[in-house]
1. Could you go through segment 205-222 and let me know if any residue there is open to solvent by 40 Å² or more (accessible area, probe 1.4 Å) and farther than 25 Å from Gly73 by Cβ.
2. Looking only at helices (runs of 4 or more DSSP H) that lie completely in segment 78-195, which have at least 2 residues being closer than 22 Å to Thr65 by Cα and open to solvent by 10 Å² or more (accessible area, probe 1.4 Å)?
3. Could you please find all residues in segment 43-79 being farther than 21 Å from Ala190 by Cα and of a type in the set (Gly, Ala, Ser)?
4. Restricting the first residue to segment 52-68 and requiring it to be within 9 Å of Arg234 (Cα to Cα) and open to solvent by less than 40 Å² (accessible area, probe 1.4 Å), which pairs with a second residue that is β-branched (Val, Ile, Thr) and outside any strand (DSSP E or B) meet a Cβ separation below 6 Å and a spacing of at least six or different chains?
5. When you scan segment 137-191, how many residues do you find that are within 13 Å of the chain's Cα centre (by Cα) and among the aromatic types (Phe, Trp, Tyr)?
Amino acid sequence: MAEVESTAGAHIAGECVVEARGLRKSYFRAGRTQGRNFDAVATCDLALSPGQLVACMGRSGSGKTTLLTMLAGLLAPSEGTVRLAGQDLYALPDEQLSRLRNERVGVVPQGQTVLHTLTALQNVMLPCGLWRRGDVGPGPADFQTRAEGLMGRLGIDELANAYPEELSGGELRRVAIARSLIMGPAVVFADEPTSDLDDQSTSQVLGLLREVADAGASVFVVSHESEVTDWADRVVHMDAGVLRDGTDGTE
């Protein structure tokens, strides 16, 4: 069984992992006669706590992915702040923000982001080599053992030496999920993690994310698939860029 404890989250247990205040993302869109601003995400507050799996439900185009990318430190908001363990993400220099994301944040993107020159195992281990850590922390062998364990949990261990062109969409999705967990992040953002998956693989993925939350991490799952709510501690809903509590209107 793969080790799923959140090593980064252990020392901030009991604190809010992610806190968004007054968060808004607006885009300028040209109309027929004049330009106008469009709120992809209307002003909202959201707190994600250790040990909690939050499901964000809503139809395609409702603003879920925009919200997730702002929370993950990948898209600067038009207004508001996002704090991770008390640090204002968008006030940090780029290099410091990149390192913080690498060490504490796991992201499962909606699209395929594997490197086609690397094997599945090498793609899972890619975050481990982005920053030099000297002699502190796990070594390459430890990360490989962890990567192999995560791939086993997700049913893709036999594909470790396969290249992306040999994998199906669902297999590539599970590679991305394993990669998001390899560093033992304090918070995991998963955008439609069960898309392209059959029922068995969906249960494997959601079960693993549930275990990661139970081990102390904060997990934020964006989805329009109702079964995700069965694994969640809390459900929020996005509709036309507006965030609210509850499951009304989900598909």
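1. no
2. 94-104, 169-181
3. Across segment 43-79, the qualifying residue is only Ser78.
4. Ala55/Val228; Ala55/Thr229
5. Residues flagged as within 13 Å of the chain's Cα centre (by Cα) and among the aromatic types (Phe, Trp, Tyr) within segment 137-191 amount to 1.
The values are calculated or read from the model by the stated rules, or taken from the named source; none is laboratory data. Please read all numbers here as calculations on a predicted model, not as lab measurements. Backbone-built Cβ (ideal geometry, glycine too); neighbour counts: all protein chains shown. Calculation scope for accessible area: heavy atoms of the full protein, side chains included, ligands and nucleic acids excluded. Shrake-Rupley method; radii C 1.70, N 1.55, O 1.52, S 1.80 Å.
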